[in-house]
Structure formats: C-alpha cells, structure tokens
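The values are calculated or read from the model by the stated rules, or taken from the named source; none is laboratory data. Please read these numbers as outputs of a predicted model, since none were measured by experiment. Here the Cβ positions follow ideal geometry from the backbone for every residue, glycine too, while neighbour counts run over all protein chains shown. Just the protein is used for accessible areas: all its heavy atoms, side chains included, with ligands, DNA and RNA removed. Shrake-Rupley method; radii C 1.70, N 1.55, O 1.52, S 1.80 Å.
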Amino acid sequence: MKSYRKELWFEVPTRRAFLNITPQVESCLKESGVREGLVLVNAMHITASVFINDNESGLHEDYQKWLERLAPFDASAKTYAHNRTGEDNADAHLKRQVMGREVVVAITKGQLDFGPWEQIFYGEFDGRRPKRVLVKVIGE
Amino acid sequence: MKSYRKELWFEVPTRRAFLNITPQVESCLKESGVREGLVLVNAMHITASVFINDNESGLHEDYQKWLERLAPFDASAKTYAHNRTGEDNADAHLKRQVMGREVVVAITKGQLDFGPWEQIFYGEFDGRRPKRVLVKVIGE
Amino acid sequence: MKSYRKELWFEVPTRRAFLNITPQVESCLKESGVREGLVLVNAMHITASVFINDNESGLHEDYQKWLERLAPFDASAKTYAHNRTGEDNADAHLKRQVMGREVVVAITKGQLDFGPWEQIFYGEFDGRRPKRVLVKVIGE
C-alpha cells in the first residue's frame with residue numbers, strides 16, 4: 001500500500017469564498033503515483049469546508065445567500081454563545097456543517113473518478129488568515 | 001490490496017425520489033471479494049445524494065417536506081442565480097448539500113458493517129434522466 | 001494492509017448531547033498499530049452523528065439551538081409522518097443529516113492528522129438508550 005500526504009495552504013482576502021481546488025488535488029494524485037485507491041481531502045480548520053459541486057458562479061452566489069439565511073453572520077454574543085469567547089465566527093462553524101468537512105474520492109487508473117460536473121471546492125467562511133487543506137492518498 | 005469499481009445507473013421518472021440501493025451495494029461487495037476494507041458510495045452527479053438512514057416511508061416524506069422548506073424549488077432566475085444558465089434545478093444543488101454526496105462504509109468479514117437500521121439511499125433531486133452512482137471498494 | 005475494528009458504546013442520559021470521543025479514537029489508533037492510512041468513525045444509529053468541530057461549550061449551545069430551529073422536536077404525527085410509527089424522534093433523523101453520519105480522518109505517523117482545533121464528537125439526538133459508534137482503521 002502506498003500513502004501520500006500534502007497540505008494545501010490558502011489565504012482568502014475576504015471572509016467568505018469558494019475556491020476550485022481540483023487542479024491542486026489532481027497534482028497531488030500525480031505526485032502520489034497511486035493508480036487505484038482513495039483520496040481524502042479535508043479542511044484542517046473548523047470554519048471551512050471541502051465539498052464537491054458545480055463550478056458555476058451563479059450557484060456559488062446561491063450557496064452564499066442560502067447559507068446566510070440558514071446560519072446568519074452575527075458578531076454578537078447574545079445571538080451566538082460561541083462569540084462570548086471573543087470570536088465573531090460562530091456562523092462560520094454552522095455554515096461549515098451544512099457544506100461538510102471533507103470529501104472522499106475514488107482513484108481509478110490514476111485519475112479522480114468523477115462524474116461529468118464534479119469539481120472540488122474549498123469553502124472559506126472565516127478567511128483573512130492562512131488556512132490549510134489536507135490531501136491524503138492511499139492505494140496502489 | 002484489492003480494488004473494485006462499479007457504476008450503478010438510475011433513471012427516476014419523477015423530479016425527486018429516494019431509492020434504497022443497499023442490495024446493489026451488497027452485490028458489488030460480493031463481486032469484489034473484499035473481506036476487510038472500505039466501500040465508498042457516491043453520487044456522480046451534483047444534484048443527487050447518497051446517504052444512510054432509515055427505510056421508513058413516513059420519514060422519507062418528512063425529508064422531502066423538510067428539504068423543500070430549507071431549499072424550496074423555484075425555477076426563477078430571480079430567486080436563484082444558477083437558474084440564469086437556463087437550468088431550473090438550483091434548489092437540487094442545495095438539497096444535495098444537506099443530504100450529502102457520499103457515504104463511506106466499513107467492510108468486516110465480507111459484509112457491510114452496519115448498525116441495526118442503516119440502509120443506503122440514492123437521493124434524487126433532479127430526475128427524469130439517467131444518472132449514476134459510483135461504488136469503489138478497497139481492501140483485502 | 002492492516003485492518004482494525006472497534007465499537008464504542010454510549011448511553012447518554014438526556015435526549016441530546018455532544019461527547020468528545022477523540023481520546024477513544026486515539027486509543028483505537030494505538031491499538032491498531034496502523035501508521036499510515038485512514039480511520040472511519042461513524043454512528044451505527046440513524047438518529048446520531050459523528051462530526052468534527054471545536055471543543056467549545058458555547059458553540060455546542062449554538063449548535064443545539066440552531067438544529068432546533070432547522071428541525072424542531074415535535075412528537076406529533078401531524079408534524080412528522082415518521083411519528084405515525086409510534087416513534088417521537090423524526091426530528092433526530094433530520095438533525096443527524098445536518099451534522100453528518102461519519103468522518104474519515106487521515107492517519108500519519110501513527111497519529112490522527114488533525115488541524116489545530118479539530119476534535120471528534122458523538123452527536124446524540126435521541127439518547128437514553130445504549131448506542132454505538134464504529135471505528136474502522138485500514139492502512140499499514
């Protein structure tokens with residue numbers, strides 16, 4: 001069994017953004033030399049997500065609006081008990097649960113085994129600082 | 001390490017439905033010959049889910065109603081920017097994030113290592129066309 | 001390839017609670033002897049979650065309040081069709097979908113390969129009975 005590990009670093013200049021990280025994950029896969037196996041891609045921070053969906057800017061707008069409706073930003077410690085710690089990012093911890101922490105993708109013949117529109121995104125909900133995504137490959 | 005891959009095809013005649021695909025995944029597992037390992041089951045399309053829950057029709061009604069409340073269908077491009085592309089399925093991309101893209105299940109002694117009520121479902125949110133689920137098994 | 005399996009049992013005295021199970025998962029990892037691989041940690045019950053987030057009590061309050069808003073408890077079979085079965089836990093099946101069934105964590109040099117604040121939680125939404133979490137490790 002082979003294994004491979006890489007950290008991808010991102011510093012998003014805004015509070016919230018979605019970044020298409022498919023090319024970086026494909027590079028990792030090539031470097032790993034694994035032909036058959038699984039790749040785990042996960043946010044290493046708890047106010048960020050890794051998810052798979054469409055690379056379509058209108059949809060990304062819809063996600064932002066929708067997440068804001070489900071889990072609104074509010075810096076106040078009256079609204080969110082977490083913000084009593086001095087943080088203002090409780091909403092980011094909630095948004096990340098909707099979008100998920102991680103994806104696991106099949107590797108077949110050395111490629112990400114994807115349907116026609118699948119792309120991997122880093123979802124940042126509390127940016128403006130350096131944060132990491134872990135790529136772990138296992139297989140043969 | 002063994003690996004195994006199969007695509008399951010579905011064409012749901014309605015926009016939305018939940019299909020119990022546990023028997024198909026069990027067949028894949030048998031075919032794979034893997035006794036100890038992991039199986040990844042994921043929707044290959046971005047308006048569909050694979051999830052694990054109860055095979056109870058009342059609960060499935062509840063899920064449908066609840067998802068409609070959290071992410072209502074609306075074909076209008078005023079409500080959802082994604083629908084400016086000519087699609088009417090923005091809500092399906094949102095619903096799929098709540099229910100998830102994939103499940104990873106342990107394989108123990110050649111069986112899906114499940115609790116008493118766990119069953120695997122394909123969740124279709126934009127049907128009426130052929131769509132796929134990927135089953136990838138790795139182990140020994 | 002090595003594989004390892006363990007069930008963790010919990011009996012939460014209240015309907016809802018979050019338990020930090022990171023130490024138990026770390027013990028499993030040590031017992032497994034795996035240095036490079038993946039660990040799957042999943043609820044074996046369909047009204048419970050395993051998720052990764054912050055070990056901060058204010059945030060846990062926020063999650064409880066937020067989940068109650070997204071998927072309110074209501075024992076009535078008028079509100080939730082699932083409760084026609086005699087159960088009163090339909091809301092727990094919904095809450096669990098938001099928080100997720102499982103996590104997959106990378107194992108690197110014999111450790112959970114975590115970012116600075118990542119901790120694994122068992123999320124109980126219908127407690128007061130013995131329930132299980134499965135830990136499955138594969139790797140070398």
Query - the stretch A:42-62, subset more than 14 Å from chain C (Cβ to nearest Cβ) and small (Gly, Ala, Ser), residue surrounded by the fewest Cβ atoms within 10 Å (Cβ to Cβ) - result: A:SER57
Query raised in the report: When residues of the stretch A:14-56 are filtered for being touching a Pro at 6+ places or on another chain (Cβ under 9 Å) and of a type outside the set (A, V, I, L, M, F, W, C), how many remain?
Result: 1
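Name the single residue that is farthest from the chain's Cα centre (by Cα) among those in the stretch A:89-105 being outside any helix (DSSP H, G or I) and facing chain B (nearest Cβ under 10 Å).
So the first thing to find is which residues in the stretch A:89-105 are outside any helix (DSSP H, G or I), and the list is A:89, A:100-105.
Okay, now just the ones that are also facing chain B (nearest Cβ under 10 Å), so A:100, A:102-105.
Details: A:GLY100: 8, A:GLU102: 7, A:VAL103: 8, A:VAL104: 12, A:VAL105: 13 Å.
Ranking the qualifying residues of the stretch A:89-105, first place goes to A:VAL105.
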Report task. Would you please name the residue that is nearest to the other protein chains (Cβ to nearest Cβ), looking only at residues in the stretch C:106-140 that are part of a strand (DSSP E or B) and open to solvent by 50 Å² or more (accessible area, probe 1.4 Å)? Result -> C:GLN119
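With the structure loaded, tell me whether B:LYS78 is open to solvent by 40 Å² or more (accessible area, probe 1.4 Å), under 26 Å from C:ARG132 (Cβ atoms) and more than 10 Å from every other protein chain (Cβ to nearest Cβ) or whether it fails that test.
So B:LYS78 does not fit the description; no.
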